Structure formats: structure tokens, C-alpha cells
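See structure below.
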Amino acid sequence: MKNLRGRVRLIAHFILFLSFPLCSRIESKINPVNDPFQNLFYWLLLTAPKQTTPYYDSDCDTLPVNILVNSVQTGDGTIRKFKFQTDSNGLKYKLTLSSDYPNCGAELLIYNCKRPNLYATNSSVFCNVGSYSAYFAGGTQTCAIPNFGNQDILLSITTKTPSFPSQPCQSIQLEILP
């Protein structure tokens with residue numbers, strides 16, 4: 001399979017390389033100065049490896065630990081971020097939403113401060129009701145993320161989301177549990 005991919009890639013590069021003289025001829029009629037290394041330059045430019053930087057939230061470095069165990073935090077229409085240092089058991093939290101959810105905006109994002117940030121997902125979060133991304137409307141759900149043990153993590157809550165920018169939930173409360 002790898003050999004086939006390599007051959008396909010080689011053929012694609014060869015076809016791409018052969019197509020540049022056609023472009024050069026068209027361009028040479030417009031611009032009479034023709035550089036013989038132009039095709040090589042374009043080929044190197046297109047096939048050079050691209051370096052992408054994975055996302056890392058700079059608040060991991062600048063935000064102090066600002067949430068304590070058993071302290072209730074509420075959403076106020078803005079994005080509020082909290083930094084917390086977990087113990088070996090990971091993170092355990094309680095999320096309470098008003099009964100107008102899901103017809104309003106509410107969002108909780110949790111991710112660690114390692115590079116790149118690793119976000120919590122439905123498969124890594126265990127909740128007593130609902131799930132990490134499908135909250136329990138009009139009640140409280142308790143969730144745990146055991147694989148976020150001994151780490152700095154960021155929690156972001158907001159009552160306005162892209163799908164409900166003008167209709168925030170009446171209340172969203174987040175509490176870190178021991």
C-alpha cells in the first residue's frame with residue numbers, strides 16, 4: 001500500500017512538473033523575460049514540506065490558577081476561562097444548566113495545558129447523566145475526566161455560542177468537585 005502511494009505521489013509530481021512549461025510559455029508571451037529555473041523553483045515551492053503549528057492556548061502560560069474546589073462559577077454572557085491543577089484522580093466537576101437549555105446558548109470546553117492542547121471529548125468524559133457535549137437540561141450532571149490527572153487544565157464556560165448568539169441561557173454554573 002505504501003509503495004502504491006509512493007508511485008501515485010511520484011506520478012502526480014511528474015505531471016505537475018510537466019505542466020509548468022505550458023504555463024511558462026503562456027507567461028513568456030506576456031512577459032518576454034524567461035528564467036530557465038522558474039519551473040524548478042515552482043516545483044520546489046509546491047513540494048516543500050509545510051510546517052504547521054498545532055493550537056496552543058496562551059492562557060495556559062499567563063492565567064494563574066483561579067478556581068478552587070467547591071467554588072461555584074457562573075456564566076455571564078462572556079467567555080470565562082478558569083485554570084485548575086488536578087490531582088492524580090483527574091478532574092471531577094458538576095455542571096448545572098437552566099431549564100431553557102437546549103433552546104439557548106451554553107458551552108463548556110475543557111482542555112489541558114500540554115502542547116498541543118488536548119480537548120476533552122465524549123469518549124474521555126464520564127457523566128452520570130447526559131454527556132460532555134450533550135448537557136442535562138434543567139438539572140445537574142456530574143462528570144469526571146480521569147485522564148486529566150496531575151495537569152494544569154483550562155475550563156471555558158459561556159452562555160453565548162455561535163448558534164445562539166443573542167439568546168443566552170438563564171444560568172450556567174460550574175463547580176469543581178474534590
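The values are calculated or read from the model by the stated rules, or taken from the named source; none is laboratory data. All values derive from a computational prediction rather than experimental measurement. Note that each Cβ is placed from the backbone with ideal geometry, even for glycine, and that neighbours are counted across all protein chains shown.
A quick yes/no check of all residues on (1) of a type outside the set (Ser, Thr, Tyr); (2) assigned to a strand (DSSP E or B); (3) not assigned by TED's automatic domain parsing to the domain that holds Pro168:
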| site | (1), (2), (3) |
| --- | --- |
| Pro54 | yes, no, yes |
| Asn66 | yes, no, no |
| Val69 | yes, no, no |
| Gly77 | yes, no, no |
| Phe84 | yes, yes, no |
| Leu91 | yes, yes, no |
| Lys94 | yes, yes, no |
>> I'd like the full set of residues that are assigned to a loop (DSSP other than H, G, I, E, B), among the hydroxyl-bearing types (Ser, Thr, Tyr) and either buried (at least 18 other Cβ atoms within 10 Å of the Cβ) or in contact with a Ser or Thr (Cβ under 9 Å, 6 or more places away or on another chain) (or both), limited to segment 123-151.
In response: Tyr132, Ser133, Tyr135
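Just the residues that are among the polar types (S, T, N, Q) and modelled with pLDDT of 90 or more, please, taken from segment 100-132.
Asn112, Asn117, Thr121, Asn122, Ser123, Ser124, Asn128, Ser131
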>> Just checking, does segment 99-113 include any residue being within 19 Å of Asp61 (Cα to Cα), touching a residue at least 40 places away in the same chain (Cβ under 8 Å) and loosely packed, with under 13 Cβ neighbours inside 10 Å?
In response: no
>> I'd like to verify a number: residues in segment 154-170 that are part of a loop (DSSP other than H, G, I, E, B), in contact (Cβ under 8 Å) with a residue 12 or more places away in the chain and over 19 Å from Ile110 (Cβ atoms), how many?
In response: 4
> Would you pick out the residues in segment 56-91 that are farther than 22 Å from Pro146 by Cα and hydrophobic (A, V, I, L, M, F, W, C)?
Replying inline: Leu63, Ile79
> Within the group Lys83, Lys92, Lys50, which residue is charged (D, E, K, R) and at pLDDT below 85?
Replying inline: Lys50
